[in-house]
């Protein structure tokens, strides 16, 4: 999870409702890098570069990935470990944990900004769902 030191130095938000550290929103390339590291686990810059450059017509430079991964480390999303001359990076939270924390923070922000109007829209969307899906989401919301 995100440490207090990395969170404060990276400007990571704190959720008012839960007082949990909220990981930062990711820019496009940061999200691509995180997807690779979440899928592979501990990864070097070169491994991430090879994985992402294999799927693109225009390859990015090693230094681009090195910079992005160093920024993700500073933001508390990755943890860096030195092995010889190679930096290895590990995600600090699982993909589903990240999605849960970001969704909570985004929704909290919308509700703080728009109040009952936002909640009414959410209620209408819930009411329009298939009853089976609605019950599943209600169970999920209760933590079960």
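Laid out as a table, the results:
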quantity: Potential extension, residue 125-residue 60 segment - 0.36 nm per residue separation minus Cα distance; calculated: 19.3 nm
quantity: The chain, helix-only ellipticity at 222 nm - DSSP H runs n ≥ 4, -39,500 (n - 2.57), divided by all residues, nearest 500; calculated: -18500 deg cm²/dmol
quantity: Overall Cα dimensions of the range 96-141 - principal axes, largest extent first, Å; calculated: 30, 28, 11
quantity: Gained length - residue 95 relative to residue 53, 0.36 nm times residue gap less alpha-carbon distance; calculated: 13.0 nm
quantity: Centroid-to-centroid separation of the range 93-144 and the range 18-63 [C-alpha atoms, Å]; calculated: 27 Å
quantity: Projected label distance in nm at residue 135 and residue 83, using a 7 Å step from Cα toward the beta-carbon; calculated: 4.8 nm
quantity: Cα-based helix-to-principal-axis angle, 28-40 vs the chain, degrees rounded to 10; calculated: 80 degrees
quantity: Neighbour-count ranking [beta-carbon atoms within 10 angstrom, fewest first] of 96, 73; calculated: 96, 73
quantity: Projected label distance in nm at residue 38 and residue 67, using a 7 Å step from Cα toward the beta-carbon; calculated: 2.5 nm
quantity: Normalised convex hull volume, the chain, alpha-carbon set, Å³ per residue; calculated: 157 Å³
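Rule-based calculations on the coordinates, nothing more; no lab input. If you're wondering where the values come from, they're calculated on a predicted model, not measured in any experiment. Note that each Cβ is placed from the backbone with ideal geometry, even for glycine, and that neighbours are counted across all protein chains shown.
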